[in-house]
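Report on the following structure.
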Amino acid sequence: MSRPTDIRPVEAKLWLLPVTTRVPLKFGTETLTSVLCARVCLTVERRDGSRVSGWGETPLSVQWVWPSSIPYQARLDALVGLTKRLVGEWANFREWGHPMEIGRRFMKSRLSKAARAARDCVHERIPHLAALVCCSAFDIALHDAFGHAVGLPTYDTYSSEFMTSDLYMLLDRDWLVQELDGVYPDAIFADPPDITMPAWHLVGGKDPLTPDDLVGDEPDDGYPVLLRDWIERDGLYCLKVKLRGDDVDWDYDRIRRVGQIANEMSVLHLCTDFNCTVRDPAYVHEVLDRVERNDPTTYERLLYVEQPFPYDLEKNAINVASIAERKLLFMDESAHDWRMVGMGFALGWNGVALKTCKTQTGAILSLCIARRFGMEIMVQDLTNPMLAQIPHVQLAAHAGTIMGVETNAMQFYPDASLPEAAVHPGLYRRTNGKVDLRSISGPGFGYRLDEIERKLYEPAAQSG
């Protein structure tokens, strides 16, 4: 069965945009100081033979997607190699359908093979999470292109009017999702979507909290450095605290110090992110016990705990129900597809953190399966600059999160997004603790690309 609105990919172009951080960002055991952003233009064909293009962008955040002892440059080269390979794979994937259907089929039939073929420069399999990130800019561009093809915002196209496959079919008719037979994503979305949302500020492991933490090499670029200054400038009331996960004393002290600032400046919500470094639930309990015993106000402000444990659930099937009974416990890196969400639910996780960098298709499917299990939702950042910020905040607006959206590119590389910020100021500067989506308009993801004065040079790769 087909729809007259079906499209198929026919051409792809890739740009690699380098971005340098103004301050370092720590991920688990590694630190990020620069990133390549993959920007993709994907051209699709309509049934009548006419063509239209869509755009997508994702940071290739090596430290997050591929923690390893392999040198950073080798991992980056492997991801760049895979992303370039996907240019041809997507251009030659001449399957008709809606982006949800095409994206799902591509990831099932092409992505793993492409990742295996692109591992020449390393002696380790490219993780599936890393492969998803390389694929995501193409998948986002596909969804944007469909919106342009039918003249509608992308989120208005996830219905039976445009999709042949319902959620039950997209999720392989698994018995766990029988309730989704005849259900399409539009039935799961928040109605109406948020037009302003609370913004979560990231307190990185290397971020100075007070003047005593300054070492003298901090940037003097007009943007805040100390946490109090960020809170005052942006009116922040939601803080996400990065922890180490292998040093109880350090983690407790970090929460205590941030909690003290939160109390002094009327911050309402905190959360903690261990970035997959914890091996035993007892560690998380010990940290939480200390906070609850010594600083009950800060403990009450802790809205949720994010991804303490290794993200490969099949190799690390840890029962986490005891933590989830105390605080909402969100899967992040582990939730790289809907099956892992189901496995996480069975192990006791009660929340899912969605990311567009795992593909728009995958994020929508994970949202729907999480709702099927009654899990709570957050949308987390991959420090998304430039175009990557726009689908990111729209996912949060439509997902119905427990509290806004994490957004931190304005902390780590604000000037990278100046051309986009001139058109969408509310997306790249937090005001009264919120981001504002009202500048988004038009078909697809509403980038308003013709108004954004960003010069692109020759593509790093293109089909044909």
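Summary of values
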| quantity | calculated |
| --- | --- |
| Number of the condition not met by D217 [criteria: (1) farther than 25 Å from P391 by Cα; (2) in contact with a Lys or Arg (Cβ under 9 Å, 6 or more places away or on another chain); (3) surrounded by fewer than 20 Cβ atoms within 10 Å (Cβ to Cβ)] | (2) |
| Any pair with Cβ under 6 angstrom, 6 or more apart, that starts in segment 133-150 at a residue that is farther than 18 Å from L382 by Cβ and ends at one that is of a type in the set (V, I, T) and assigned to a helix (DSSP H, G or I) | G147/T154 |
| Filter result (charged (D, E, K, R) and within 23 Å of D381 (Cα to Cα)) within segment 247-275 | D251, R254, D273 |
| In segment 355-377, the residues that are in a strand (DSSP E or B) and β-branched (V, I, T) | I377 |
| Segment 6-64: number of residues that are among the small types (G, A, S) and surrounded by fewer than 18 Cβ atoms within 10 Å (Cβ to Cβ) | 3 |
| Residue within segment 378-386 that is touching a strand residue (DSSP E or B) at 6+ places or on another chain (Cβ under 9 Å), free of Cβ contacts under 8 Å to residues at least 60 places away in the same chain and either in a loop (DSSP other than H, G, I, E, B) or surrounded by 22 or more Cβ atoms within 10 Å (Cβ to Cβ) (or both) present | yes |
| Residues that are touching a residue at least 60 places away in the same chain (Cβ under 8 Å) and within 15 Å of Q411 (Cα to Cα), drawn from segment 427-451 | R429, R430, T431, G433, K434, V435 |
| Answer from R290, R301 - the residue that is in the same structural domain as D246 (by TED's automatic domain parsing), of a type outside the set (A, V, I, L, M, F, W, C) and surrounded by fewer than 20 Cβ atoms within 10 Å (Cβ to Cβ) | R290 |
| Pairs where the first residue, in segment 397-425, is closer than 29 Å to P208 by Cβ and the second is of a type in the set (F, W, Y) and assigned to a loop (DSSP other than H, G, I, E, B), C-beta under 9 Å, 6+ apart | M410/Y223; Q411/Y223; P414/Y223; D415/Y223; E420/Y447 |
| Total residues in segment 338-354, condition outside any helix (DSSP H, G or I), touching a residue at least 40 places away in the same chain (Cβ under 8 Å) and under 19 Å from L132 (Cα atoms) | 2 |
| T154 vs. criteria over 22 Å from W338 (Cβ atoms), surrounded by 23 or more Cβ atoms within 10 Å (Cβ to Cβ) and within 19 Å of the chain's Cα centre (by Cα) | no |
| Of residues in segment 109-159 being assigned to a helix (DSSP H, G or I) and of a type in the set (K, R), the one farthest from P443 (Cα to Cα) | R116 |
| Among the candidates V258, V284, V248, V278, residue that is more than 22 Å from A324 (Cα to Cα) and among the aliphatic types (A, V, I, L, M) | V258 |
| Test: residue in segment 442-457 that is charged (D, E, K, R) and in a strand (DSSP E or B) | no |
| Candidate set from segment 313-338 (those that are under 16 Å from I377 (Cα atoms) and charged (D, E, K, R)); member that is modelled with the highest pLDDT | K327 |
| Out of C271, C276, C238, sole residue that is assigned by TED's automatic domain parsing to the domain that holds A321, under 26 Å from the mean Cα position of the chain (by Cα) and at positive phi | C276 |
| Leading residue by the ranking (farthest from L170 (Cα to Cα)) among those in segment 91-117 that are aliphatic (A, V, I, L, M) and in contact (Cβ under 8 Å) with a residue 60 or more places away in the chain | A91 |
| Single match in V291, V258, V225 (criterion: among the β-branched types (V, I, T), farther than 26 Å from T33 by Cα and modelled with pLDDT of 95 or more) | V291 |
| Strands (runs of 3 or more DSSP E) (entirely within segment 1-87) containing at least 3 residues that are in contact with a Cys (Cβ under 8 Å, 6 or more places away or on another chain) and in contact (Cβ under 8 Å) with a residue 60 or more places away in the chain | 7-27, 51-59 |
| Unmet requirement for D212, which otherwise passes all of (1) more than 28 Å from S61 (Cα to Cα); (2) in the same structural domain as V258 (by TED's automatic domain parsing); (3) surrounded by 20 or more Cβ atoms within 10 Å (Cβ to Cβ) | (3) |
| Some residue of segment 444-455 being surrounded by fewer than 17 Cβ atoms within 10 Å (Cβ to Cβ), of a type in the set (F, W, Y) and more than 24 Å from D229 (Cβ to Cβ) | no |
| Within segment 231-273, tally of residues that are of a type in the set (D, E) and crowded, with 19+ Cβ neighbours inside 10 Å | 3 |
| Condition met for T196 (crowded, with 17+ Cβ neighbours inside 10 Å and under 29 Å from A335 (Cα atoms)) | no |
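Conditions tested, residue by residue: (1) outside the structural domain of G222 (by TED's automatic domain parsing); (2) part of a loop (DSSP other than H, G, I, E, B); (3) farther than 27 Å from S53 by Cβ; (4) modelled with pLDDT of 95 or more.
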position: M403; (1), (2), (3), (4): no, yes, yes, yes
position: Q411; (1), (2), (3), (4): no, no, yes, yes
position: A416; (1), (2), (3), (4): no, no, no, yes
position: P419; (1), (2), (3), (4): no, no, no, yes
position: A422; (1), (2), (3), (4): no, no, no, yes
position: G426; (1), (2), (3), (4): no, no, no, yes
position: S439; (1), (2), (3), (4): no, yes, no, yes
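The values are calculated or read from the model by the stated rules, or taken from the named source; none is laboratory data. These figures come from a predicted structure and were not determined experimentally. As a convention, Cβ positions derive from the backbone with ideal geometry for all residues, glycine included, and neighbour counts pool all protein chains shown.
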